[in-house]
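Data first, discussion second: the structure below is written as structure tokens.
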Amino acid sequence: MPDFVGAVDQGTTSTRFMIFDHGGNEIARHQLEHEQILPRAGWVEHNPTEIWERTRAVIETALNRAGLVAADLAALGITNQRETTVVWNRTTGRPYHNAIVWQDTRTDRIASALDRDGRGDVIRHRAGLPPATYFSGGKIQWILENVDGVREAAEAGEAIFGNTDTWLLWNLTGGTDGGVHVTDPTNASRTMLMDLETLDWDDELLSFFGIPRRMLPAIAPSSHPGLYGTTRRGGPLRGEVPLSGDLGDQQAATVGQVCFEVGEAKNTYGTGNFLLLNTGTDLVRSEHGLLTTVCYRFGEEPPVYALEGSIAVTGSAVQWLRDQLGIISGAAQSESLARQVEDNGGVYFVPAFSGLFAPYWRSDARGAIVGLSRFNNNAHLARATLEAICYQSRDVVEAMRQDSGVTLDVLRVDGGVTANDLCMQIQADLLGVPVSKPVVAETTALGAAYAAGLAVGFWKSKDELKQNWQEGRRWEPQWSEEQRAVGYAGWKKAVERTLNWVDVS
Ligand SMILES: Nc1ncnc2c1ncn2[C@@H]1O[C@H](COP(=O)(O)OP(=O)(O)O)[C@@H](O)[C@H]1O
Ligand SMILES: O=P(O)(O)OC[C@H](O)CO
């Protein structure tokens, strides 16, 4: 058995390739950003061809850096930004349109129409999702309706859909020369098209969006030795490696954080935030604005489900301070600027740039900075931005407690924003529970590697994976109950001010 496992993490802002050893330690990595294409207000696109080229490049560079070749890898896992929608031609390999990214709100009318005639409730029940611009179904419908020739090609089985996992798997396994068209249930559970109980595409849900079934990939278990094919000799690995794991990135992080027991949860702080609570083989339907989603399905074992609180804008609010306002020159500076003040000075920032996701699901919301007085400055805004990341997470934790009865005794965290020490301290303060970060904080790639490695026997069991998890850092709450209550009441008031801002009817 080779000594290493590789994982591609195709994220919203970048694509990385990482190589891990048996202890889950990082051996090598390379990462490249891709262009964020913003053609109009609310639209966010990526170029799928650029993403495939970046994927090739990061694999080649990381292998070269480590002095490794395909034969050194026991397996390869894929993990990806979820929901982001690619439609391409299976004969030419060319995309019909740029990928429509999960944050894109162009489908707001498609989404709001679903709730006017009862279809929304069917989607809620069967797919576990509230109708929203976030998910793939409406994005596929938009491409079918707005790009010439796609509908006919889709009906003829020529135009095919995938999230970026499927797009990369197809390319890695040969593309137009026999590429496999496949996804896993974690990704499929983000489309509004899959029945959570059967783990199959659902004809009634497909009819809501006018999507031909022939467009859709096969759904294989997230960890499986054979169903995802093998990399091609002519590809970036220059050899054959079993592709044996596929997980949406937030589910991969849950696996990387070894949240295998019911009631275990992790919160990932990246472009957005995604808190997932393992609910086991039980399907828990949320009554408080969370999603029900597939957490993972390993081999022929029954699927494990999760409740998820998805927040659209967290780390990207820090990017906004840098790129749009220019008040910081790098993300890390948000911390030193925020440290210049003791507190938020009365300022709350609700970054509802894509409407509000969990637990509100309000596409009519837009961002607001409230509570300003002449006393306030850039440092208060930086502090309010970090607090917004943490208050949004608190909203989700509250909803999770109401839905599941689970009260967290610790919150496991990962993702780019967790480099911000102040932000993590604020999170512990606002929640009143300790926040804990593992030594290997690249949990997304690690989770995909775990899924791939388990499938081929590189790791023998989930218990073996649990041995690899070690705490690297912990933040203890320091605020009093009263400070917490007053601060949170202010946040709730600020959220109210963002609602009913744009007309989506
Ligand atoms: N020190 C920091 N403080 C605050 N935010 C940070 C810091 N470092 C990175 N970020 C934010 O983290 C995000 C990137 O995290 P990452 O986990 O790589 O995201 P993704 O997987 O969504 O691409 C960016 O939005 C960036 O603004
Ligand atoms: O690529 P990330 O880390 O921003 O994650 C994006 C999520 O999968 C969107 O649902």
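Along the positive direction of the dipole of region 369-505 (beta-carbon charges: Lys, Arg +1; Asp, Glu -1; about the Cα centre), which of T385, Q483, A449 reaches farthest?
T385
Just want the answer: with Cβ charges of +1 for Lys and Arg and -1 for Asp and Glu, which residue in S222, Q402, I311 is farthest toward the dipole's positive end in the chain?
Of S222, Q402, I311, it is I311.
Taking the mean number of other Cβ atoms within 10 Å as a proxy for protection, how do you rank 354-360, 101-107, 368-374 from highest to lowest?
Final packing ranking: 354-360, 101-107, 368-374.
So what is the relative contact order for region 289-370, in percent, with contacts set as C-alpha pairs under 8 Å and at least six apart?
Relative contact order of region 289-370: 26 percent.
Sorted from largest down, what three extents in whole angstroms do the Cα atoms of the chain have along their principal axes?
64, 51, 43
In whole percent, what relative contact order does region 384-466 give with Cα contacts below 8 Å and a gap of six or more residues?
Averaging sequence separation for qualifying contacts and normalising by length gives 28 percent for region 384-466.
Quick check on my link table: of K266/K466; K437/K466; K437/K493, which ones sit more than 25 Å apart, alpha carbon to alpha carbon?
With Cα atoms farther than 25 Å apart: K437/K493.
Which ³J(HN,Hα) values in Hz, rounded to whole numbers, follow from the phi angles of region 423-439 under the Karplus curve 6.51 cos²θ - 1.76 cosθ + 1.60, where θ = phi - 60° and Gly and Pro get x?
Calculated HN-Hα couplings, in order: 4, 5, 5, 4, 4, 4, 5, 6, 8, x, 10, x, 10, 10, 10, x, 4 Hz.
Could you tell me, in Å, what Rg and Dmax come out for the Cα atoms of region 9-115?
Rg, Dmax (Cα atoms, Å): 16.9, 54.
Mind grabbing the accessible area of D364 for me, 1.4 Å probe, Å², rounded to tens?
Rounded to the nearest 10, that gives 20 Å².
Which value, in Å² rounded to 10, gives the accessible area of V341 with a 1.4 Å probe and all protein chains present?
20
Once you charge only the Cβ atoms, +1 for Lys and Arg and -1 for Asp and Glu, what is the size of the charge dipole of the chain about its Cα centre, to the nearest 20 debye?
With only Lys, Arg, Asp and Glu charged at Cβ, the dipole is about 800 debye.
With +1 on each Lys and Arg Cβ and -1 on each Asp and Glu Cβ, how big is the dipole of region 322-479 about its Cα centre, in debye rounded to the nearest 20?
180
Report relative contact order for region 217-361 in percent, whole number only (criteria: Cα-Cα under 8 Å, sequence separation at least 6).
18
Go through region 361-405 and name the chymotrypsin sites (Phe, Trp or Tyr not before Pro) that are in a DSSP coil and have 14 or fewer other Cβ atoms within 10 Å of their Cβ.
Here the chymotrypsin sites (Phe, Trp or Tyr not before Pro) that fit, given the DSSP loop and packing criteria, are F375.
Can you compute the charge dipole magnitude of region 29-137 about its Cα centre, using +1 on each Lys and Arg Cβ and -1 on each Asp and Glu Cβ, nothing else charged? Give it in debye, rounded to the nearest 20.
Roughly 220 debye, rounded to the nearest 20.
Let's test the formula: R0 of 22 Å, r as the Cβ-Cβ distance of Q478 and Q340. What FRET efficiency results, to the nearest 0.05?
The formula returns an efficiency of 0.70 here.
Please report, as a whole percent, how much of the solvent-accessible surface of the chain comes from carbon and sulfur atoms (probe radius 1.4 Å).
46
How would you rank 264-271, 178-185, 435-442, highest first, on the average number of other Cβ atoms within 10 Å across their residues?
264-271, 178-185, 435-442
Taking the mean number of other Cβ atoms within 10 Å as a proxy for protection, how do you rank 396-402, 220-226 from highest to lowest?
By packing density, highest mean first, the sequence is 220-226, 396-402.
From the residues H22, H34, A7, which one has its Cα farthest along the dipole of region 3-43 in the positive direction, the dipole being from +1 and -1 charges on Cβ of Lys/Arg and Asp/Glu about the Cα centre?
The residue sitting most towards the positive pole is H34.
Kirkwood-based Rg over Rh for region 351-505 (C-alpha set), two decimals?
1.04
May I ask you to give the solvent-accessible area per residue for the chain, in square angstrom, as obtained with a 1.4 angstrom probe?
About 36 Å² of surface per residue is accessible.
The values are calculated or read from the model by the stated rules, or taken from the named source; none is laboratory data. The model shown is predicted, which means the values in this text are computed figures rather than measured ones. Neighbour counts run over all protein chains shown; Cβ positions are idealised from the backbone, glycine included. These accessible areas exclude ligands, DNA and RNA; they are computed on the full protein's heavy atoms, side chains included. Shrake-Rupley method; radii C 1.70, N 1.55, O 1.52, S 1.80 Å.
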